[in-house]
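J.: Input: one structure, supplied below.
None of the figures in this text is laboratory data; all of them are computed from the coordinates on show. Here the structure is a predicted model, which is why all the values come from computation and not from measurement. FYI the Cβ positions are ideal-geometry reconstructions off the backbone, even for glycines, and counts take in every protein chain you see.
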Amino acid sequence: MDVALSGLSKSFGANTVLKALDLTFPSQKFVTLLGPSGCGKTTLLRLIAGLERASAGTIEFGGRRVDHLSPGERDIAMVFQSYALYPTMDVAQNISYGLKVRGTPKDERAERTGVVAKVLEIPHLLSRRPKALSGGQRQRVALGRAMARSPKIFLMDEPLSNLDAKLRATMRSELKRFHLDLGTTSIYVTHDQLEAMTMSDLVAVMDGGVIQQFGTPEEIYDTPANLFVAGFIGSPPMNFCDGTVAAHDGTPVLQIAEHSVRLPESLPRGLEGRTLTLGIRPQDVELADAGDSAAVPGRVWMVELTGSERLVEVEIAPKLRITAEVRSHINPPIDSPAAVAFPPDRLHLFDPDSGGALPRAA
Ligand SMILES: Nc1ncnc2c1ncn2[C@@H]1O[C@H](COP(=O)(O)OP(=O)(O)O)[C@@H](O)[C@H]1O
Ligand SMILES: [Mg+2]
């Protein structure tokens, strides 16, 4: 069942938290709301769940208005950041309670509980009480309780945030697998870009109560719509520097400090003299020899090993540093001369005033 929001706004007093959102979560897709803390993600989920009333706009499930329905009437399951288990029930009872309330027969309840417990790797915990569980185990039980109901719409608010890194990675694929098996429409909230990129069919990047971009993980990563999305997605973050468009031997270049960076041939005409913000991901920056005339010269400012890769920060002008991600066997000495090359087809260009992306080279 798809979920369609139109003109959806929410204010708390004078604080407008969601600003006229138009967004459709397609049926059976896994869609993530990704954005920094405080951007309105939880509020949006609570509106969809019916726990909060909109200030304006409509919410439809499968083409039918649900604004007047209570949470219980919406056939959704949710897992929230702060979850509460029933302390006097054991894990199996906690997971199957929602089914019991709906009058599901005992055999079916036991079967569903078993399936969910297996997915979450907690069959050995079924007879324990919540107080005998770790935080991570409790979180999995809370997930299990929502999963057991096979809802049409599954809402999750940072459900993995209390788990350790290893379990988080396992749970990402388990949750995605469960979503596929169940055929639900999943709406997942996180501030963690890795979760969003790995799990989602579609990602809605939010900031300041506005959807900044809605697209597949590839679209969001390869063609960020604006400076916010470009800077928020990707690790380490995209490099940015401002420059002025000029022409050099007939090809467009961006003048950055005393350097000229070649721009894509497909750049729109008539930009000469304009200031643009250039963005390039550390993975796309090439480390060149200090004397390479096609590269921008500078000095190695810092070198950091991340594991299989190394981050080399090259200062190309006072306080202007470009990070290149290179293979770990490349390890230039700090303060040694170096140069960075920017492949024109890997550049992202933005209007510094509006923040919007310029059309990119094919
Ligand atoms: N019940 C509430 N009353 C007043 N302000 C709220 C309430 N709930 C959320 N807010 C405000 O709305 C903004 C967005 O919050 P929230 O939706 O929790 O963001 P996120 O989940 O993205 O971190 C914050 O500024 C928060 O203080
Ligand atoms: Mg939140």
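J.: Please report the orientation-averaged projected area of the chain, defined via the convex hull of its C-alpha atoms, in nm².
T.: Over every viewing direction, the Cα hull of the chain projects on average to 22.3 nm².
J.: If amide hydrogens are placed 1.01 Å from N in the peptide plane, which non-local residues have theirs closer than 5 Å to the one on Gln212?
T.: Counting only residues 5 or more places away or on other chains, the set is Val205, Met206, Asp207.
J.: Test of understanding: ordering Phe12, Phe350 by Cβ neighbours within 10 Å, fewest first, what list do you get?
T.: Starting with the residue having the fewest Cβ neighbours, the order is Phe12, Phe350.
J.: Taking square-rooted eigenvalues a ≥ b ≥ c of the alpha carbon gyration tensor, is segment 206-362 rounded, prolate or oblate, where a/c under 1.5 means rounded and, failing that, a/b exceeding b/c means prolate?
T.: Judged from the Cα gyration tensor, segment 206-362 comes out oblate (a/c at least 1.5, b/c at or above a/b).
J.: Right, something else. Once label points are set 7 Å from the Cα along Cα→Cβ at both Asp345 and Thr170, what is their separation, rounded to one decimal in nm?
T.: Going from the Asp345 label point to the Thr170 one covers 4.2 nm.
J.: If you don't mind, another one. As a footprinting exposure proxy, order Arg46, Arg274 by other Cβ within 10 Å, with the fewest listed first.
T.: By the 10 Å Cβ count, ascending: Arg274, Arg46.
J.: Would you mind counting up the charge near Thr216? Only other residues with Cβ under 14 Å from its Cβ, with Lys and Arg at +1 and Asp and Glu at -1.
T.: Here the count lands on -3.
J.: With an 8 Å Cα cut-off and a minimum separation of 6 or more residues, compute the relative contact order for segment 3-232 in percent.
T.: After rounding, I find 28 percent.
J.: How large is ³J(HN,Hα) for each residue in segment 70-77, as worked out from phi by the Karplus curve 6.51 cos²θ - 1.76 cosθ + 1.60 (θ = phi - 60°), to whole Hz, x for Gly and Pro?
T.: Calculated HN-Hα couplings, in order: 6, x, x, 8, 9, 6, 10, 10 Hz.
J.: Another question, then. Any chance you could list P(r) for segment 129-253, counting all Cα-Cα pairs in 10 angstrom bins from zero, rounded to whole %?
T.: It works out to 11, 34, 29, 15, 7, 4, 1, 0, in whole percents.
J.: Can you put His191, His68 in order, fewest other beta carbons within 10 Å first?
T.: His68, His191
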